[in-house]
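The values are calculated or read from the model by the stated rules, or taken from the named source; none is laboratory data. Quantities reported herein were computed from a predicted structural model and do not represent experimental measurements. In this analysis, Cβ positions are derived from the backbone assuming ideal geometry, glycine residues included, and neighbour counts consider all displayed protein chains.
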Amino acid sequence: MIEKRLHIVYGHFGSGKSEFSINYALYLKKFFDNVAICDLDIINMYFRVREKTDFLKEKGVEVYSSSRGHQDVLDVPALDPSILKAIQNKSYQSILDVGGDPKGALILRTYEPYLKDTENIFVINTNRPETSKTEDIISYMKLIESMGGIRTNVLVNTTHMLKDTTSLDILKGHDIVSEVSEKLNIEFRYNVCNINIANVLKNDPNVSDEVKDKLFPINLYLRQDWMS
């Protein structure tokens, strides 16, 4: 059940956060008439949500991005009216896709007065060296929270190895993210993987229901072979 209207998605560079954001927006569109993605990634020059604006609009999802583009994020960026509109409009389910770096979360300070009762989703690829262990994940998450003025309330496992991803990667990520969830008492909601891997896991009798119940199969839009 989707209880909140604003969904902030963040994670380390290479976590698959923007791919998740696109798929999550399409998922929300099944239940809500008005869905928008706000591309707040002012860190990464590649694989950004804004690159799929036309596709998302065809699917009925509105896309907003910073009019200032890439900039020195040591200073808090100026408030963007188009993004503010998506955040303030209570008839919308809005996803805020934040840059893959603690500094990238600084942009959330710009909109802090308007970000109340949000779903704050930390996306974790446990195959990244910086987020491969429980304590490292927690430390990195705390850095982002400190910069952005938010507190994580949802964890998502997006463990992958680009085109070499297997079901074993998802299972490894599940175990590590479960440890983070238990340690911090934060909801662990999804195991994200492409449809083929999701089917392998669903049909494997040795895979626990706990893993299967969290499966969130996705299509790949930003780089079609990154998790195939």
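Key figures
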| read-out | value |
| --- | --- |
| Test: residue in the range 126-141 that is modelled with pLDDT of 95 or more, out of contact with any strand residue (DSSP E or B) (no Cβ under 8 Å at 6 or more places or on another chain) and either among the hydrophobic types (A, V, I, L, M, F, W, C) or under 21 Å from I83 (Cα atoms) (or both) | yes |
| Checklist (1) farther than 18 Å from S15 by Cα; (2) loosely packed, with under 14 Cβ neighbours inside 10 Å applied to N219, failing item | (1) |
| Test: residue in the range 39-49 that is at pLDDT 65 or above, assigned to a helix (DSSP H, G or I) and surrounded by 13 or more Cβ atoms within 10 Å (Cβ to Cβ) | yes |
| Selection within the range 138-165 - farther than 19 Å from N23 by Cβ, in a loop (DSSP other than H, G, I, E, B) and not acidic (D, E) | G149, I150, R151, T152, N153 |
| Selection status of I170, modelled with pLDDT of 95 or more, crowded, with 20+ Cβ neighbours inside 10 Å, assigned to a helix (DSSP H, G or I) and in contact with an Asp or Glu (Cβ under 9 Å, 6 or more places away or on another chain) | no |
| Scan of the range 1-33 for residues that are outside any strand (DSSP E or B), of a type outside the set (K, R), touching a strand residue (DSSP E or B) at 6+ places or on another chain (Cβ under 7 Å) and over 26 Å from M161 (Cβ atoms), ordered by number | L28, F32 |
| Flag if V177 is buried (at least 19 other Cβ atoms within 10 Å of the Cβ), within 15 Å of the chain's Cα centre (by Cα) and part of a helix (DSSP H, G or I) | yes |
| Filter pass, I83 being in contact with a Leu (Cβ under 9 Å, 6 or more places away or on another chain), without any contact (Cβ under 8 Å) to a residue 60 or more places away in the chain and either in a helix (DSSP H, G or I) or on the phi > 0 side of the Ramachandran plot (or both) | yes |
| Residue in the range 109-118 that is surrounded by fewer than 18 Cβ atoms within 10 Å (Cβ to Cβ), farther than 30 Å from K85 by Cβ and in contact with a helix residue (DSSP H, G or I) (Cβ under 7 Å, 6 or more places away or on another chain) present | no |
| Test result for V123, surrounded by 23 or more Cβ atoms within 10 Å (Cβ to Cβ), aliphatic (A, V, I, L, M), in a strand (DSSP E or B) and touching a Leu at 6+ places or on another chain (Cβ under 9 Å) | yes |
| Selection within the range 142-167 - surrounded by 14 or more Cβ atoms within 10 Å (Cβ to Cβ), in contact (Cβ under 8 Å) with a residue 60 or more places away in the chain and not hydroxyl-bearing (S, T, Y) | I144, G148, I150, V156, H160 |
| Count of residues meeting criterion [at pLDDT below 80 and under 19 Å from A25 (Cβ atoms)] in the range 53-99 | 3 |
